[in-house]
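Notes follow once the structure below has been shown.
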Amino acid sequence: MQRYVVQSLELHLFFSRIMKEHSLFLQGGFVQKDEDFIKAADFFRNGFENLLREVVILSDGIVRCPVLESGEVVTEFTCSAEKHTEKLTGIPIDTKITLLEEKLRCDKDVRITPNIAGQVRKINREAIKLLNGLIKLKEDIICRVLKCEMFTFNYPLLIEHILREAKLYRSFVVALEHGKDIDNRDIRDDELFWNQIMMEHSLFIRGLLDPTENKLIKTSNGFAIDFEELLEEVRCATDETIESITDETIKKTKELRDFKAAGTKGIDNCEIRSIILPLLADHVLREANHYLRLLRC
């Protein structure tokens with residue numbers, strides 16, 4: 001019961017925020033004629049925001065310190081990026097949740113009771129329900145985009161990218177509901193998934209920077225090449241070589257994380273020319289922080 005509660009809450013602290021932001025990015029990327037899709041994205045944004053609020057309230061003193069210390073839940077930029085993004089898009093964001101997250105305490109020997117486990121089970125079932133709906137919406141959007149039946153300011157690859165993350169999240173919640181230990185998994189699977197995510201982040205950053213930001217574009221492109229090479233190395237890895245590849249992955253992910261952190265600060269302070277929302281910059285930074293924690297486990 002302890003493992004089930006802790007792993008569930010930690011999973012939702014990271015991924016339910018990611019899903020609410022995916023919904024916001026979709027919502028902000030539609031054109032006026034697709035009002036029904038704007039409303040659908042807003043529904044899921046609200047749904048995951050409400051879910052995150054419940055999770056945060058329940059998590060205090062229960063989740064492990066490495067999760068809260070990793071920068072995957074919130075960063076020093078998150079609250080400011082949310083306020084700035086709300087101002088730019090007009091889409092409401094509950095920053096009170098972020099302030100609560102900043103105050104979360106870890107591992108305070110809170111006794112896990114059947115009542116807490118019951119609340120977590122309810123959250124997990126609601127998460128699966130929301131994820132089923134959001135996955136269906138993302139699949140519908142990418143299908144329409146690829147058939148040239150819909151225009152959105154989000155790249156097709158970005159829609160496929162956030163669809164894969166939603167499916168990963170759902171697979172973990174389902175595994176928890178079947179009594180599995182989601183911490184006990186092959187690091188190769190993590191590296192194959194998250195190296196691709198890091199590669200695509202680099203491609204998105206490259207494509208969303210203003211054409212005048214030549215130095216940043218070149219740096220982003222370099223990271224995309226690095227992670228593409230790491231992906232191929234992991235695919236070909238043996239038991240003897242995987243450890244050295246993981247070491248190189250940690251090194252490159254730290255470098256990309258630092259690049260994203262500098263970019264988030266620059267975008268939020270309006271010092272970098274781009275069409276990157278401040279919250280999107282912080283979003284990809286948190287994902288790099290999450291990946292680094294997985295690599296160090």
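Data table
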{"item": "All positions within region 113-141 that are among the β-branched types (Val, Ile, Thr), farther than 18 Å from Ser16 by Cβ and open to solvent by 20 Å² or more (accessible area, probe 1.4 Å)", "result": "Thr113"}
{"item": "Test for Val73: is it in contact with a Phe, Trp or Tyr (Cβ under 7 Å, 6 or more places away or on another chain), surrounded by 14 or more Cβ atoms within 10 Å (Cβ to Cβ) and in contact (Cβ under 8 Å) with a residue 12 or more places away in the chain", "result": "yes"}
{"item": "Answer residue from region 76-109, given it is exposed (fewer than 15 other Cβ atoms within 10 Å of the Cβ) and among the aliphatic types (A, V, I, L, M) and is nearest to Ile275 (Cα to Cα) among those", "result": "Leu88"}
{"item": "Any hit, region 233-249, residues being among the hydrophobic types (A, V, I, L, M, F, W, C) and either closer than 27 Å to Ile91 by Cβ or not in a helix (DSSP H, G or I) (or both)", "result": "yes"}
{"item": "Index of the failed condition, Phe172 passing every other in (1) of a type in the set (Phe, Trp, Tyr); (2) open to solvent by 20 Å² or more (accessible area, probe 1.4 Å); (3) under 21 Å from Asp282 (Cβ atoms)", "result": "(3)"}
{"item": "Test: residue in region 213-226 that is among the aromatic types (Phe, Trp, Tyr), closer than 27 Å to Met19 by Cα and within 18 Å of the chain's Cα centre (by Cα)", "result": "no"}
{"item": "Any hit, region 262-283, residues being among the basic types (Lys, Arg), buried (at least 21 other Cβ atoms within 10 Å of the Cβ) and in contact (Cβ under 8 Å) with a residue 12 or more places away in the chain", "result": "no"}
{"item": "Any hit, region 218-227, residues being part of a helix (DSSP H, G or I), among the acidic types (Asp, Glu), open to solvent by 10 Å² or more (accessible area, probe 1.4 Å) and out of contact with any His (no Cβ under 6 Å at 6 or more places or on another chain)", "result": "yes"}
{"item": "Condition check for Asp186: surrounded by fewer than 20 Cβ atoms within 10 Å (Cβ to Cβ) and in contact (Cβ under 8 Å) with a residue 60 or more places away in the chain", "result": "no"}
{"item": "Out of Ile141, Ile162, Ile135, sole residue that is of a type in the set (Val, Ile, Thr) and either under 14 Å from the mean Cα position of the chain (by Cα) or within 28 Å of Gly266 (Cα to Cα) (or both)", "result": "Ile162"}
{"item": "Filtered residue count, region 234-250, keeping only those that are of a type outside the set (Gly, Ala, Ser) and surrounded by 12 or more Cβ atoms within 10 Å (Cβ to Cβ)", "result": "8"}
{"item": "Glu160 of a type in the set (D, E, K, R) and either loosely packed, with under 14 Cβ neighbours inside 10 Å or in contact with a Gly (Cβ under 8 Å, 6 or more places away or on another chain) (or both)", "result": "no"}
{"item": "Criterion violated by Asp34 - all others in (1) surrounded by fewer than 22 Cβ atoms within 10 Å (Cβ to Cβ); (2) touching a residue at least 24 places away in the same chain (Cβ under 8 Å); (3) in contact with a helix residue (DSSP H, G or I) (Cβ under 6 Å, 6 or more places away or on another chain) satisfied", "result": "(3)"}
{"item": "Some residue of region 196-210 being open to solvent by 80 Å² or more (accessible area, probe 1.4 Å) and either closer than 25 Å to Pro278 by Cα or touching a Cys at 6+ places or on another chain (Cβ under 6 Å) (or both)", "result": "yes"}
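The values are calculated or read from the model by the stated rules, or taken from the named source; none is laboratory data. Everything numeric here is computed off the predicted structure, so don't read it as measured data. Note that we place each Cβ from the backbone using ideal geometry, even for glycine, and neighbour counts take in every protein chain shown. The area values use the complete protein model at the heavy-atom level, side chains included, leaving out ligands, DNA and RNA. Shrake-Rupley method; radii C 1.70, N 1.55, O 1.52, S 1.80 Å.
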